[in-house]
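Below is one structure, written out as structure tokens; comments come after it.
The values are calculated or read from the model by the stated rules, or taken from the named source; none is laboratory data. Treat the numbers as computed from the prediction; the structure is a model and nothing was measured. Note that we place each Cβ from the backbone using ideal geometry, even for glycine, and neighbour counts take in every protein chain shown.
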Amino acid sequence: MIDSDFSGLPDQTCHFVRRLHALGIDRIRIHGLFVWLGLNAGTPRSQGEIETLFQNLDQVVPTDRSRNIDDIVGEFYDGYERELNELCFRSGSTFEFRQINVPPVEKNFAIVYLKDEGLLDTKVISIQKLSDSFSLFDAFISAIGRSTATKNRSLLDAFSCGVFQMQLHAQMDVKGAQQISIMLRHFRPLFYGQCINALSLNHIEYFLGLEAGQMALLQLMSSLEANFAQQMWGFQSRLFFEKGGSPIEEVEALDIEHWHAWVVKNAIDFYEEVGAQMLPFSSAGAALSGLPSWTSLASDLKSCDDYIDAVWGYRWKLLSNKISRMEYRSILVYIIYSSLTAAIE
């Protein structure tokens with residue numbers, strides 16, 4: 001990161017950015033995350049929803065909303081139409097964009113054209129599993145972050161460019177802009193989704209208190225029934241912290257095989273300590289089915305890997321970078337604990 005990136009940002013947001021960089025997210029992708037945050041903020045909403053949203057955002061990315069945004073970004077805004085064209089195309093989603101006629105031009109126009117622009121991950125032709133979502137959005141934030149990063153603009157400028165892009169789309173097709181926003185929200189990968197939530201909801205302080213391995217897991221657990229999720233969160237904390245609360249520094253460096261063994265060991269210990277109070281998996285409210293048996297999970301990483309591939313699309317020997325490994329490690333915690341609780345039904 002460079003000094004210009006932090007211009008105008010509150011201290012807490014600067015801490016957030018430095019944490020992302022320390023986790024291995026490069027500067028261009030961080031710019032892309034702030035553009036993505038702006039795309040969300042620029043989506044058409046009711047006045048009440050806008051005020052609620054910006055009560056949080058004004059603490060995180062303070063901007064002068066009394067100024068015309070085109071006056072703010074006009075000198076450096078390049079647009080993200082091509083990136084959005086391809087993201088929408090590769091998502092596999094169905095859109096209904098308004099056909100806009102501009103006389104005397106005979107051709108109809110739309111805010112997005114579903115096509116391959118040659119900018120994103122060509123392996124993804126539709127988002128079927130989490131790995132598709134991660135690959136596509138990882139490429140997307142890299143593509144949309146490049147302009148402001150290479151021009152040494154601030155992250156506030158990146159955010160404003162995202163807002164401006166979505167507002168331009170909304171001027172021509174409100175429902176179309178809202179459909180793009182729904183797609184951006186629906187297909188968020190685990191870790192990047194948690195980053196966007198931390199910024200848009202002003203949960204930065206909580207985010208900064210998490211260990212790296214907890215970030216994607218928190219997003220993965222978000223749909224679980226509250227009591228079951230609370231108990232799982234109690235289990236996972238022992239993976240990262242000593243009983244006195246000190247972080248176990250060695251766990252972040254464990255490879256996948258040793259991480260699997262560490263999670264299984266702690267699951268066994270957890271069951272021996274609180275087994276009588278553990279809630280069964282049927283109370284989780286999760287849609288998972290066909291979980292590997294606890295016996296096979298405890299003895300064989302391959303059983304986990306096969307199941308993760310079938311449901312989420314990840315293979316541990318094919319993980320592409322540090323963030324995808326974080327997501328895989330979180331999924332391992334999720335299914336090992338789920339399998340344990342399914343065995344006590």
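General observations
- For segment 329-345, the set of residues classified as surrounded by fewer than 22 Cβ atoms within 10 Å (Cβ to Cβ) and in contact with a Ser or Thr (Cβ under 9 Å, 6 or more places away or on another chain) consists of 342, 343, 345, listed by residue number.
- Count - residues of segment 187-207 that are in contact (Cβ under 8 Å) with a residue 24 or more places away in the chain and over 18 Å from residue 142 (Cα atoms): 8
- When residue 210 is tested against the conditions (1) over 12 Å from residue 327 (Cβ atoms); (2) of a type in the set (A, V, I, L, M); (3) touching a residue at least 40 places away in the same chain (Cβ under 8 Å); (4) surrounded by fewer than 20 Cβ atoms within 10 Å (Cβ to Cβ), the lone failure is (3).
- For the residues 8, 38, 32, 42, the requirement of being farther than 16 Å from residue 200 by Cα and not aliphatic (A, V, I, L, M) singles out 8.
Listed here are the residues, each with its yes/no results for (1) closer than 15 Å to residue 30 by Cβ; (2) of a type in the set (Ser, Thr, Tyr).
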{"residue": "133", "(1), (2)": "no, yes"}
{"residue": "148", "(1), (2)": "yes, yes"}
{"residue": "152", "(1), (2)": "yes, no"}
{"residue": "156", "(1), (2)": "yes, no"}
{"residue": "160", "(1), (2)": "no, yes"}
{"residue": "179", "(1), (2)": "no, no"}
{"residue": "189", "(1), (2)": "no, no"}
{"residue": "195", "(1), (2)": "yes, no"}
{"residue": "199", "(1), (2)": "yes, no"}
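- Close pairs (9 angstrom Cβ cut-off, 6 or more residues apart or separate chains): among the acidic types (Asp, Glu) in segment 280-305, part of a loop (DSSP other than H, G, I, E, B) anywhere: 300/292; 305/314; 305/315
- Per the conditions (1) over 18 Å from residue 5 (Cβ atoms); (2) outside any helix (DSSP H, G or I); (3) over 16 Å from the mean Cα position of the chain (by Cα); (4) of a type outside the set (Lys, Arg), the sole criterion not satisfied by residue 202 is (3).
- Residue pairs meeting the criteria (Cβ under 6 Å; at least 6 apart or on separate chains; first in the same structural domain as residue 43 (by TED's automatic domain parsing), in segment 150-179; second of a type in the set (Phe, Trp, Tyr) and assigned to a helix (DSSP H, G or I)): 155/34; 158/34; 159/34
- In segment 81-102, residue farthest from the chain's Cα centre (by Cα) [restricted to those that are among the polar types (S, T, N, Q) and surrounded by fewer than 16 Cβ atoms within 10 Å (Cβ to Cβ)]: 101
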